[in-house]
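J.: Can you keep this structure in mind? I'll have questions shortly.
The values are calculated or read from the model by the stated rules, or taken from the named source; none is laboratory data. None of the values given here were measured: they were computed from a predicted structure. Quick reminder, even Gly has a Cβ in these numbers, built from the backbone with ideal geometry, and neighbours come from all protein chains shown. Accessible surface areas use protein heavy atoms only, side chains included; no ligands, DNA or RNA. Shrake-Rupley method; radii C 1.70, N 1.55, O 1.52, S 1.80 Å.
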Protein chains: 2
Amino acid sequence: MIDQIEIIGLAAAVLTTASFVPQVYKAWTQKATKDISLTMYLSFFMGVILWLIYGIQIGSLSIILANSVTALLVLIVILLKLKYK
Amino acid sequence: MIDQIEIIGLAAAVLTTASFVPQVYKAWTQKATKDISLTMYLSFFMGVILWLIYGIQIGSLSIILANSVTALLVLIVILLKLKYK
């Protein structure tokens, strides 16, 4: 059963995870990533992997789902950054 | 007492939160944010506020600390984006 607190977590997860979609789309279509910080995305990626481990350990569905998809989207931004730097 | 699981959460929190510092620095010093998606940062900001509420409700120190500082840094990126668009 998903309780009320977990619904807030899931909404948070959807917003922070989905937020990377417009960034991926922008970088992909404009082929420009000059103003994006690679250091930010590398640090963020490592952090997301740790959040995933944390989510598994505390059994938080929101944290697990959010960080799995976020890791993938952030990795795409990193690859686009390396391609269009 | 902070247990081992919470240490992983805190490391995750430090990485994902601190990651926005180089982005703020880059946007601030280069006065350029063209390649940054405003939609991403607005969605991310709303998500971070919900993560903060979630963290308070499940009593996760890592989530509370991370998202308080992240909200502030993300807000700075949004203001820089609006200034140097």
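J.: Accessible area lost on pairing B with A, both sides, 1.4 Å probe, Å² to nearest 100? Walk me through the intermediate numbers first.
T.: Details: alone 5980 and 5980 Å², together 8550 Å².
Using a 1.4 Å probe on protein heavy atoms, the buried area is about 3400 Å².
J.: Normalised by the residues of the range A:4-83, what does the relative contact order come to in percent, with Cα pairs under 8 Å and at least six apart?
T.: On the way: 65 pairs, mean separation 36.9, N = 80.
For the range A:4-83, the relative contact order is 46 percent.
J.: In nm, what does the list of distances from B:Thr39 to its counterparts in the other copies look like, shortest first, when each label sits 7 Å along Cα to Cβ?
T.: Nearest to farthest, the other copies are at 2.9 nm.
J.: Same structure again: Please report the residue of chain B with the smallest beta-carbon distance to the B-to-A rotation axis, and give that distance in Å, no decimals.
T.: It is B:Asp35, 2, counting Cβ atoms only.
J.: Also, I was wondering about something else. Run lengths n ≥ 4 of DSSP H only: what is the helix-derived mean residue ellipticity at 222 nm for chain B, with -39500 (n - 2.57) per run over all residues, to the nearest 500?
T.: On the way: 4 runs with 70 residues, N = 85.
That comes out to -28000 deg cm²/dmol.
J.: Put a point 7 Å out from Cα along the line to Cβ at B:Pro22; what are the distances to that point in the other copies, in nm, shortest first?
T.: With the label placed 7 Å along Cα→Cβ, B:Pro22 yields 2.4 nm.
J.: I would also like to ask the following. Would you mind listing the distances between the A:Ile56 label point and the same position in each other copy? Use 7 Å along Cα-to-C-beta, nm, one decimal, shortest first.
T.: 3.2
J.: Could I ask something else about it? Using a 1.4 Å probe over the heavy atoms of the protein chains, calculate the carbon and sulfur portion of the accessible area of the protein assembly as shown as a whole percent.
T.: Working: 6360 of 8550 Å².
On the protein assembly as shown, the fraction of accessible area on carbon and sulfur atoms equals 74 percent.
J.: Distance from the Cα centre of the range A:37-85 to that of the range B:16-37, in angstrom?
T.: Centre-to-centre distance over Cα atoms comes out at 18 Å.
J.: While we're on this one: Counting other Cβ atoms within 10 Å, keep those with at most 15, restrict to DSSP loop, and tell me which chymotrypsin sites (Phe, Trp or Tyr not before Pro) in the range B:31-85 are left.
T.: Answer by residue number: B:Tyr84.
J.: If you place +1 on the Cβ of every Lys and Arg and -1 on the Cβ of every Asp and Glu, how big does the dipole about the Cα centre of chain B come out, in debye to the nearest 20? Don't skip to the answer; put the middle values down first.
T.: Values: 6 positive and 3 negative charges, 131 e Å.
In debye, rounded to 20, chain B gives about 620.
J.: Is any helix in chain A, taking whole DSSP H runs, at least 27 angstrom long along its axis by alpha carbon and on average at least 0.5 on the Kyte-Doolittle scale, and which ones?
T.: Numbers: long enough: A:38-58 (30 Å, 1.79); A:61-83 (34 Å, 2.22).
For chain A, where a helix must reach 27 Å along its axis and average at least 0.5, the hits are A:38-58, A:61-83.
J.: Accessible area drop of at least 40 Å² (1.4 Å probe, protein heavy atoms): which residues of the range B:33-73 qualify, relative to the chain alone?
T.: The answer is B:Lys34, B:Asp35, B:Ser37, B:Met40, B:Ser43, B:Phe44, B:Leu50, B:Trp51, B:Tyr54, B:Gln57.
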